[in-house]
Structure formats: C-alpha cells, structure tokens
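Working notes for the structure below.
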C-alpha cells in the first residue's frame, strides 16, 4: 500500500513539474455499486465528485491521477421478518490511471485505486483502507467536455469477517467482501 501511495505522489509531482503538458479538470457522475461476495447484495445508486489531472507522458499516453469523493455500498433484503437495510460506505478515492487515446475522441484507461473510508452506516468492523483496480473508457465531445464509463474491481475485503468451516456442509467459506462499482461520469477540462 505504501508503494501505491508513493507512486501516486511521484506521478502527481511529475505532472506539476511539467505543467505545460498537463490539463486539470473536474468530474462527477453516478455510481452503481454493490458488495462482491455477498450473495444477497443488491445494487445501490450513489455518486462521485472530484478533480483530476491529465498528464501527457508520451504521444497518446497520459497518466490521470484523480481525487474523488465516492458514495458506495449495497442494499440487502431482510430475512425472517427483518427489515431491508442499506450499507452506505463513503470514500475518498485516489485512482492513478494510464490513459491511452485510440483516436482524438476515444480513450481507454486502467490503473489502481486507493480508497480511504470517510464514513459508514449499517456495517461493523469495516476497514479504513480499500484497494481496487479500474478499467474504463471515455469519449471527448469537445477539447473540454467528455463522458466516461469505469468499472472498479475491489481487491481487498471491506470489513473483517472471520472465515468459517460449516460442519453441516463440510465446506470452508472465505468471507471476502469487496467494493464493485460501475461509474458513469461527465468531466470538464480547463
């Protein structure tokens, strides 16, 4: 995790020293989030909002560090007379993406993300740090306005929950629950 943070800081520092090759912007949109590994988790609509830098490193290749507030989580059905409930997880996410422009308008992106939990609701033993990997694509309508789609695959469990062995079934269960988020965004570059 320290390597990811140091790498993100180094990339951002490189971008600020080469400001003539960097553009900055703001972005926002909505999330369709769920918690992977939970069989009874339903999608939860959230949002994300933040800023980014787009730093040209070589021809059509860019590095795009971002700082985003992201509302994530999942909805769960109540069983045996219990009420339905929602797990809300709010993060400050720092993705660092490699972005490649296939054409002037169309780009693809991929890269790691570090998330810091800001607040949570209806969950116990949540972890304060989340790590994920992003895959996405974008389309530039103009030099300044673009839209994007991105899927974040959670790599670490969002809360501590003990693994267990079911004596009845004879199976060992690894309870690893991850954030999985599909984001649809609009961005404006200055």
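Key figures
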item	result
Any chance residue 150 is at pLDDT below 95 and surrounded by 12 or more Cβ atoms within 10 Å (Cβ to Cβ)	no
Residue in the stretch 75-89 that is within 17 Å of residue 184 (Cα to Cα), in a strand (DSSP E or B), at pLDDT 95 or above and touching a strand residue (DSSP E or B) at 6+ places or on another chain (Cβ under 7 Å) present	no
Residue within the stretch 129-147 that is surrounded by 13 or more Cβ atoms within 10 Å (Cβ to Cβ), at pLDDT 90 or above and more than 25 Å from residue 64 (Cα to Cα) present	no
Filtered residues of the stretch 104-122 (kept if outside any strand (DSSP E or B) and farther than 23 Å from residue 35 by Cα)	104, 105
Hits in the stretch 73-109 (condition: closer than 15 Å to residue 181 by Cβ, surrounded by fewer than 22 Cβ atoms within 10 Å (Cβ to Cβ) and under 16 Å from the mean Cα position of the chain (by Cα))	88, 90, 92, 94, 109
Scope the stretch 170-190; condition at pLDDT 55 or above and part of a loop (DSSP other than H, G, I, E, B); matching residues	174, 175, 176, 177, 190
Residue among 108, 96 that alone is in contact (Cβ under 8 Å) with a residue 12 or more places away in the chain, closer than 18 Å to residue 138 by Cα and touching a helix residue (DSSP H, G or I) at 6+ places or on another chain (Cβ under 6 Å)	96
Considering residues of the stretch 24-72 that are more than 20 Å from residue 140 (Cα to Cα) and modelled with pLDDT under 95 only, the residue surrounded by the fewest Cβ atoms within 10 Å (Cβ to Cβ)	39
Filter result for the condition that a residue is over 20 Å from residue 188 (Cβ atoms), in a strand (DSSP E or B) and in contact with a strand residue (DSSP E or B) (Cβ under 7 Å, 6 or more places away or on another chain), over 38, 33	33
Pair list, Cβ under 8 Å, 6 or more apart: the stretch 62-85 residue without any contact (Cβ under 8 Å) to a residue 12 or more places away in the chain, other residue surrounded by 10 or more Cβ atoms within 10 Å (Cβ to Cβ) and part of a strand (DSSP E or B)	78/85; 84/75; 84/76
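The values are calculated or read from the model by the stated rules, or taken from the named source; none is laboratory data. Computed from a predicted structure; not experimentally measured. Positions of Cβ are backbone-derived with ideal geometry, glycine not excepted, and every protein chain shown enters the neighbour counts.
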